[in-house]
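For reference, the structure is listed below as structure tokens.
The values are calculated or read from the model by the stated rules, or taken from the named source; none is laboratory data. This is a predicted model, so every value here is computed, not measured. Please note: Cβ atoms are built from the backbone with ideal geometry, for glycine as well, and neighbour counts cover all protein chains shown.
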Amino acid sequence: MSVKVLVVDDSSMVRLQVGRALGGAGFTIIEATDGADALEKLGAHPDTKLIVCDVNMPRMSGLEFLESLSANPSAPPVVMLTTEGQPDLIHRAKTLGAKGWIVKPFKPDLLVAAAQRLTASAA
């Protein structure tokens, strides 16, 4: 059974690149355009095992999305994938429960390795 990964980014190009990298490694990809859309997709796919999420998005940012997930102890792990690299943002995301922070442009093999590590018990 394939492990589901929710990719949350307002850029269709980034969703495509992440989908190619993770899909090529055998993951099933679900896409969302922002945090609000991601919450809906999580409701429709409760068996999602990992979330790869941008920080800067319209409607609901990645940090706002993380805040909404922090109330759910069974929420899947979240890796932030963003152009942002400020230590205060990274610290805030980790405080809210993010398990990783990858800066764009990303190296596909590093993203795949992080996804495999974070979903190893889900396979």
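Some observations on this one:
- Residue under evaluation K4, criteria (1) on the phi < 0 side of the Ramachandran plot; (2) out of contact with any Phe, Trp or Tyr (no Cβ under 8 Å at 6 or more places or on another chain); (3) charged (D, E, K, R), criterion not met: (2)
- Residue ranges of helices (runs of 4 or more DSSP H) in segment 1-111 with at least 3 members surrounded by fewer than 16 Cβ atoms within 10 Å (Cβ to Cβ) and not aliphatic (A, V, I, L, M): 12-24, 87-95
- Scan segment 58-76 for residues that are touching a residue at least 40 places away in the same chain (Cβ under 8 Å) and farther than 15 Å from A36 by Cβ and the total you get is 1.
- Test: T119 is farther than 16 Å from V14 by Cβ, buried (at least 17 other Cβ atoms within 10 Å of the Cβ) and of a type in the set (S, T, N, Q): yes
- Where L63 falls short, out of the listed (1) over 12 Å from the mean Cα position of the chain (by Cα); (2) more than 21 Å from G19 (Cα to Cα): (1)
- Here is the figure for segment 35-66: residues that are under 19 Å from K99 (Cα atoms) and of a type in the set (D, E) total 3.
- Evaluation of A75 against (1) more than 12 Å from the chain's Cα centre (by Cα); (2) at pLDDT below 95 (one fails), failing number: (1)
- Of all positions in segment 91-109, at least one carries a residue that is touching a Pro at 6+ places or on another chain (Cβ under 6 Å) and charged (D, E, K, R).
- Residues (under 14 Å from the mean Cα position of the chain (by Cα) and over 18 Å from I102 (Cα atoms)) located in segment 1-22: V3, K4
- Each residue in segment 65-89 was checked for being within 16 Å of T48 (Cβ to Cβ) and of a type in the set (D, E), and 0 of them qualify.
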